[in-house]
Structure formats: structure tokens, C-alpha cells
Amino acid sequence: MNSRTFLLSVTLVTAAILCIVFQRDTTGLSDYDLGASVAFTRSNAPATRMSSFAAPQQSSRCQRFRGRVFASRSSSQSDEVVGRRKFVENTGMAAAGMGAISLASPRDATAAKSSSWERLNLPVADTVVLFDLEFTEDKNGFLVGSQGTFLKTTDGGTSWSNADLSNAIGDDEINYRWESVSFKDKEGWAVGKPAIMVHSTDGGKSWERIPFSSQLPGEFLGVTALGDGQAETITSAGGIYRTINAGKNWKAQVLETIDATLNRVSSSGVSGASYYSGSINSVVRDNMGQYIGVNARGNFYLTFKPGSEAWMPHNRKTIRRIVTMGVIGDDLTNSMWMTTRAGGVSFVKGDANLDQPEIDFYETSINSGGYGILDVTRRENGDLWCVGGGGKIFLSRNNGKTWTADSSGDNQPANFYKIKFYDDKRGFILGSAGVLMKFNDI
């Protein structure tokens with residue numbers, strides 16, 4: 001073999017190797033859960049019962065929670081801890097974080113020339129994740145998040161400063177992860193992790209800490225202010241508790257934890273139930289007192305109706321795992337929505353029967369570029385808005401039939417986890433990296 005022939009052979013072999021090395025490997029990147037439905041058998045272990053409790057005189061100090069690591073727009077999980085609802089930090093919304101993984105690169109929805117949303121300056125680090133926002137009245141409101149973030153506004157949300165929690169937490173040096181804040185008139189409640197609950201009766205000017213039993217199952221996920229000393233809170237184990245005396249006593253509204261419900265059911269046929277992780281996230285309460293929650297793996301979802309003894313598990317009628325679920329009206333039976341991995345968005349068909357294991361949804365088309373959709377809401381004028389990973393914002397003016405991308409978040413280094421409108425003019429988007437976007441009607 002002469003030198004020219006040898007060099008030609010080496011060149012061809014090298015090219016073949018490079019083709020193999022740089023060929024896109026899609027193994028393990030499937031966005032679909034193709035596992036067969038596994039029915040589980042009745043467990044002989046006693047069910048974990050929910051019990052009512054009276055608040056002790058001293059609140060017990062709970063251990064720090066272990067969050068879940070979320071992935072960015074790739075197939076591998078990120079180890080970066082930054083601070084709900086996820087892609088950048090250890091949080092309690094595993095399904096949401098997983099949903100924002102981009103497994104493909106389809107063309108994004110047609111971008112609208114828009115400046116509907118503007119970012120506000122906040123006195124927080126760029127590692128903070130914002131989880132919830134609530135107003136006591138037109139101008140006064142509170143914004144909560146990770147790393148002890150608890151902010152207040154007195155001008156309708158344009159400017160924010162740190163709220164005074166000195167009466168509630170004193171010299172406590174824990175950077176609480178505040179999950180939820182809720183007001184009814186001037187009475188407010190907030191919950192967080194490690195387990196903490198605070199209460200205000202003067203519109204948030206002052207807060208007191210509410211002690212609770214160390215036997216509380218799970219971690220606080222949310223709280224709803226009902227007024228006149230009444231409130232309802234929910235935990236990651238599915239415990240729902242209600243107080244009618246400003247937190248002195250709490251009565252269990254459900255008699256057993258969710259995993260106990262699943263373990264005692266024989267041949268349920270709920271897909272993925274045998275792999276249940278024992279916790280829920282993305283839980284939402286409607287104005288009728290009904291709840292919907294997604295199990296931590298996104299395999300299935302559950303609903304709870306007031307007066308029921310236990311949660312009702314439901315199959316997901318899609319091969320894609322659920323990212324999150326919520327409501328866009330007063331009653332979840334006719335206003336539920338569901339998002340699935342890679343940007344799927346579906347809405348309930350007609351009036352759902354929550355006593356049935358399967359509920360019909362119809363899917364709408366959003367070309368999100370593979371980013372997961374993490375929240376959906378309806379503005380008073382009927383417009384639907386949704387937000388998701390990578391700063392994605394979408395608008396539908398025809399009840400979800402078609403969607404248009406809003407470019408306001410394209411340059412934001414954040415994932416958007418929540419969108420809320422308080423009237424036709426005032427709306428906010430909450431995200432990672434300390435990003436809060438305010439709506440401008442243009």
C-alpha cells in the first residue's frame with residue numbers, strides 16, 4: 001500500500017468515526033411513559049389516619065426538608081441548587097421541573113410583538129424563586145418565595161420591600177422557603193418549609209407564629225384564608241386541616257393520607273400507583289373547597305371533595321406524564337386544566353365526575369419549543385394566559401384553540417411558575433432568578 005492510498009484510508013476511517021461520535025443520541029430521551037398499568041394489591045398494614053389536633057404551647061422545630069433537584073432544558077438533571085414550583089433549585093414541585101425539560105426543538109409558536117409584561121426590581125438575590133403573591137386590598141400585597149423571601153407592596157405591586165416578621169420568627173436564622181400566602185380582607189396566613197405558619201389580623205402589618213403538632217403528616221404546601229378566624233391548609237401527604245378559631249385548633253378534613261388510600265385499594269387499575277412516592281405537588285383548591293393534586297412522579301392525579309373521607313385517584317389519559325394541574329374558574333369539575341411534558345396543555349371536557357377513575361380532557365396545540373407549561377389562568381376579559389420554562393409566555397383569545405407567543409419573557413433568565421390576574425388590568429408572573437413580571441395592558 002503506497003502512502004497516498006494509506007492516507008486516503010485513514011481519512012475515510014476518521015470521517016466514519018466522527019459521524020458515529022457526533023450522531024445525536026436520543027436513547028433515554030423519550031418524553032413518554034410507556035410502562036404498563038400496574039394494579040396494586042391490598043396492604044395488610046394499617047392505614048395512616050389523619051387526626052385533628054390542638055396547637056401546642058410551643059411550636060416544635062422541624063428538620064430541614066430535602067428538596068428535589070430539577071433539570072434545565074436538557075435531558076440530564078441539574079445539580080445547581082438555587083432556591084417551587086424547579087429547573088434551578090431543590091423544590092417541592094418535581095413534576096413541574098421535569099415538565100420543562102426540552103426533548104425536542106420544534107419551531108416556537110409565532111412570536112407576537114409585545115411588551116405586555118415588564119420586569120420589576122426586587123430586593124432579592126438572583127437565586128431566589130418566587131412562589132406566591134396575594135393582595136389584601138387594591139394597593140397592599142405580599143410576595144413570598146425561597147431563601148426567606150417575604151416582601152410587601154403598598155402601591156399595587158410596582159415597588160417592593162421586606163415585610164416585618166420579627167414578631168413571628170424573632171432571631172430565627174433559618175432561611176424559610178415560603179410556599180403560600182393568602183388573605184381574606186385583612187386576615188392573612190402564610191406557610192413554608194421547614195414547617196412554619198404565620199397569621200395576621202391587621203392586613204399584614206404584624207404577624208404571629210402559629211404553633212402546630214409535630215405529628216403533622218407531610219410538609220405545608222398551601223393555605224387558604226377563609227375569614228373570621230377560619231383557614232384551611234394542605235400538606236404534601238394529602239392532609240387537609242381547617243381552623244375556625246384563628247389556629248388554636250385544627251380539624252382534619254380527610255381521614256387518611258393519600259398513600260394509605262392507595263395502599264388499601266385492591267386492583268385499582270391506576271397507572272403508576274404501585275410506584276407512588278408518597279407525596280403530591282402542584283395542589284390547587286377551587287372556590288368550592290375541592291382540591292386537585294398531582295403525584296410527585298406525574299403518573300396520575302387525585303381529587304378531593306368536601307365531605308369525602310379520602311382522596312380519589314384518577315388515571316391520566318395520556319402517555320405523557322403530568323407536569324401540573326389547576327383551575328381557571330370557581331369549580332374544578334368544569335374548569336380543570338392539565339399540562340404534560342414537552343408543552344402539552346389540555347382542558348376538561350364538559351362537567352367532570354370526580355367519583356370516576358378517568359376524566360376526559362381535550363388537548364390544545366402550543367408550539368412551546370419543548371418547554372413545559374407550568375401555569376394557566378384566565379383574565380377577566382376571557383383571555384387565557386400560560387407560562388412555562390425558559391421565560392415562555394403564551395396568550396389565547398379564543399378559549400385555547402390557538403395560542404400566540406408573547407415575547408416579553410424571552411430575555412429573562414428564568415422559568416415562570418405562576419401567573420395571576422387580580423382584575424382585568426393587574427397581573428403578575430412569578431419565576432426563578434428573582435424575576436417578577438407585571439402586566440401592562442397595551
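Rounded to the nearest 20 debye, the dipole magnitude of region 156-220 is 180 debye, with +1 charges on Lys and Arg beta carbons, -1 on Asp and Glu beta carbons, and the Cα centre as origin. Computed with a 1.4 Å probe on the full set of protein chains, the accessible area for residue 166 sits at about 60 Å².
Shown here for region 338-436: GluC sites (Glu not before Pro) in loop regions (DSSP other than H, G, I, E, B) with at most 16 other Cβ atoms within 10 Å, namely 380. Given R0 = 22 Å, the distance between the Cβ atoms of residue 440 and residue 367 translates into a calculated FRET efficiency of 0.30. Taking all protein chains as they are arranged and a probe of 1.4 Å, the heavy atoms of residue 288 leave approximately 110 Å² accessible to solvent. Classification of region 295-387 by its C-alpha gyration tensor yields an oblate form. The axis ratio a/c (a ≥ b ≥ c) is 1.5 or more, and b/c is at least a/b. What FRET efficiency comes out for residue 171 versus residue 334 if R0 is 51 angstrom and r is the Cβ-Cβ distance? Round to the nearest 0.05. Once rounded, the FRET efficiency stands at 0.55.
Relative contact order, whole percent, for region 388-438 stands at 30, derived from Cα pairs under 8 Å and 6 or more residues apart.
The values are calculated or read from the model by the stated rules, or taken from the named source; none is laboratory data. All of these numbers come straight from a predicted model, not from anything done at the bench. Here Cβ is always computed from backbone atoms with ideal geometry, including for glycine, and neighbour counts include all displayed protein chains. The accessibility values were calculated without ligands, DNA or RNA, using every heavy atom of the protein model including side chains. Shrake-Rupley method; radii C 1.70, N 1.55, O 1.52, S 1.80 Å.
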